[in-house]
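Trainee: Here you go, one structure.
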Amino acid sequence: MDTISMCCVTWNVETGWPEQDLHNLLGIRKDPVIKRESDDLLPDIYVVSLQEVKSQPQNVVMDALFEEPWTLAFREVVGPHDYVKISTERLQGLVTTVYVKRKHVHHIRDIHTSVTRTGFGGLWGNKGAASIRFTLYGCSVCVVNCHLAAHDNGYKERVENFNAIIDYSTFPVPETSNILFHDYVFWMGDLNFRFESHLTGEEIVQLIKASDWGSLMEVDELIKAQKSGDAFSMLKEERLSFPPTYKYKEGTSTYDLARRPAWTDRILHQVHVDAYENVKLGVEQSSYTHSGSYTQSDHKPVKANFRIKVFANHEERCVRFTCIGTWLVGEGGPVKFTIDADVTTSTWDYVALYKADFTCMQQYITYMYVPQPSPGSGQRTFQMVFNDELLQHPGMYRLLYYSGKYSSYLGMSDPFPVLTRQD
């Protein structure tokens, strides 16, 4: 087995814009110009889960035309370090995004998203979940970003929200149609669980000042829900050893006792250790903390780092490009690739051209649909010629093969040069 590292971040941004620098939150050095050895220590995957992103009608319209500002801000931080945004899903103020190192893009399969509304009896998306699932090196992963019912007296409704998300979040992959059927589940968000009602805000603050996390955990409603079996009992959470992340006075790290402090923002996980014969899956969590320096919201962001086991040297449904050679600006060039026997092609398959350092799957320059082989021909090797006037700038480029049937990129070429005829 191999290991893949993941960093999960959850933050209720309280309808604010990305005003503070996000490098520290993601553990990334700010200067992107010099390639540092420390980049190799960065996680393979970032999962960013946001709640209360601006969702007024004009914001939703603008986000449909342009990249949502928070998603763009995070991409601008990770992009120079060889990350690509592979998927994002939005449900009103909930935004879930997955960024992976570029070298893993063509090893991800079956990317699908799901949204579940739980607000106003399931009719409104002010509360609910925005989830993304994918398969990575043969193992299925589901990330869930949720915002559950608020307020001190909302325990029962939070439990109902959780069960609705479990019941109604579905994916078009038969063996993993439900969230909990996946090999790995990472569940995060503003879960809104509070401390038991007999504690006043002032008493909670005194326990915080004493760093008495054990006493606070004894009266935490989420831990109570797990122990009773009401909710989250199948998911695991590491011990809490950071201050409650809600509610702060904006611009400060001082609690606003208009609401009792609470660990509302959480990250949990599940692994099916014995999902496969002769191997054991596993999750190793190396950190679980909050980022106290971020003060633009009444919540603090929470971050957790994981390492998960996946299959070593796993190859499934692959497309392999032959060395591309040199293309010319305005003229393009030839493409040759071979499709593995376990790939079923469709009329929606295409090969797309990207800059070599692309950071988003929507950044293709141009594309060509793959010609379909004659029935019974058994054709597995294809040749195409890109001749597109959109290719106007010299530089380094890549080709990616997209499969409509599998909703994923099955192959990526090595970088190749595009030159001007004068060169």
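Trainee: Please determine, by comparing only the residues of region 266-302 that are touching a residue at least 24 places away in the same chain (Cβ under 8 Å), under 30 Å from A312 (Cα atoms) and of a type in the set (A, V, I, L, M, F, W, C), which one is surrounded by the fewest Cβ atoms within 10 Å (Cβ to Cβ).
Mentor: V279
Trainee: Here's another thing I want to ask about it. List pairs: first residue in region 65-87 and surrounded by fewer than 19 Cβ atoms within 10 Å (Cβ to Cβ), second residue assigned to a strand (DSSP E or B) anywhere in the structure, Cβ distance under 6 angstrom, at least six positions apart or on different chains.
Mentor: Pairs found: D82/K101.
Trainee: Can you list the strands (runs of 3 or more DSSP E) lying wholly within region 326-370 that have 1 or more residues being within 22 Å of Q392 (Cβ to Cβ) and of a type in the set (G, A, S)? Give the derivation first.
Mentor: Numbers: elements: 333-339, 350-355, 366-369.
Those strands (runs of 3 or more DSSP E) span 333-339, 350-355.
Trainee: While we're looking at this one, here's another question. Just for region 216-234: of the residues that are of a type outside the set (D, E) and part of a loop (DSSP other than H, G, I, E, B), which one is surrounded by the fewest Cβ atoms within 10 Å (Cβ to Cβ)? Quick ask: steps written out before the conclusion?
Mentor: Step one: of region 216-234, the residues of a type outside the set (D, E) are 216-217, 219, 222-229, 231-234.
Subset that is part of a loop (DSSP other than H, G, I, E, B): 219, 229, 231-234.
Numbers: V219: 16, G229: 9, A231: 24, F232: 23, S233: 11, M234: 13.
Among those that are of a type outside the set (D, E) and part of a loop (DSSP other than H, G, I, E, B), it is G229.
Trainee: Moving to a separate point now. Would you pick out the residues in region 155-193 that are part of a loop (DSSP other than H, G, I, E, B) and either over 21 Å from L50 (Cβ atoms) or in contact with a Pro (Cβ under 8 Å, 6 or more places away or on another chain) (or both)?
Mentor: Across region 155-193, the qualifying residues are F171, P172, V173, S177, H182, D183.
Trainee: Can you tell me which residues in region 104-137 are at pLDDT below 95 and of a type outside the set (K, R)?
Mentor: Listed by number, the residues that qualify are T118, G119, F120, G121, G122, L123, W124, G125, N126.
Trainee: Sort through T264, T252, T289, T245 and tell me the only one that's within 23 Å of L216 (Cα to Cα), in contact with a Leu (Cβ under 7 Å, 6 or more places away or on another chain) and of a type in the set (S, T, Y). Quick ask: steps written out before the conclusion?
Mentor: On the way: T252 fails: in contact with a Leu (Cβ under 7 Å, 6 or more places away or on another chain); T289 fails: in contact with a Leu (Cβ under 7 Å, 6 or more places away or on another chain); T245 fails: in contact with a Leu (Cβ under 7 Å, 6 or more places away or on another chain).
Of the residues listed, the single one that is within 23 Å of L216 (Cα to Cα), in contact with a Leu (Cβ under 7 Å, 6 or more places away or on another chain) and of a type in the set (S, T, Y) is T264.
Trainee: Report every pair of residues separated by at least 6 positions or lying on different chains whose Cβ atoms are under 9 Å apart, first residue within region 373-389 and at negative phi, second exposed (fewer than 11 other Cβ atoms within 10 Å of the Cβ) and not in a strand (DSSP E or B).
Mentor: R380/A341
Trainee: So, in region 171-190, of the ones that are among the acidic types (D, E) and over 13 Å from A130 (Cβ atoms), which residue ends up least open to solvent (accessible area, probe 1.4 Å)? Before the answer, list the steps.
Mentor: Taking region 171-190 and keeping what is among the acidic types (D, E), we get 175, 183, 190.
Okay, now just the ones that are also over 13 Å from A130 (Cβ atoms), so 175, 183.
Working: E175: 131, D183: 9 Å².
Here the residue is D183.
Trainee: Name every residue in region 334-357 that is out of contact with any Leu (no Cβ under 9 Å at 6 or more places or on another chain) and either open to solvent by less than 30 Å² (accessible area, probe 1.4 Å) or among the β-branched types (V, I, T) (or both), in order of residue number.
Mentor: T338, T344, T345, S346, T347, A356
Trainee: Follow-up. More than 17 Å from D152 (Cβ to Cβ), touching a Leu at 6+ places or on another chain (Cβ under 7 Å) and free of Cβ contacts under 8 Å to residues at least 40 places away in the same chain, is that true of S215? Give the derivation first.
Mentor: Numbers: more than 17 Å from D152 (Cβ to Cβ): yes; touching a Leu at 6+ places or on another chain (Cβ under 7 Å): yes; free of Cβ contacts under 8 Å to residues at least 40 places away in the same chain: yes.
Judged against the criteria, S215 is a match.
Trainee: Looking at C323 and the list (1) outside any strand (DSSP E or B); (2) over 30 Å from Y401 (Cα atoms); (3) open to solvent by 30 Å² or more (accessible area, probe 1.4 Å), which single condition is not satisfied?
Mentor: Just one mismatch for C323, condition (2).
The values are calculated or read from the model by the stated rules, or taken from the named source; none is laboratory data. If you're wondering where the values come from, they're calculated on a predicted model, not measured in any experiment. Cβ: placed from backbone, ideal geometry, glycine included. Neighbour counts: every protein chain shown. For accessibility, only protein heavy atoms count, side chains too; no ligands or nucleic acids. Shrake-Rupley method; radii C 1.70, N 1.55, O 1.52, S 1.80 Å.
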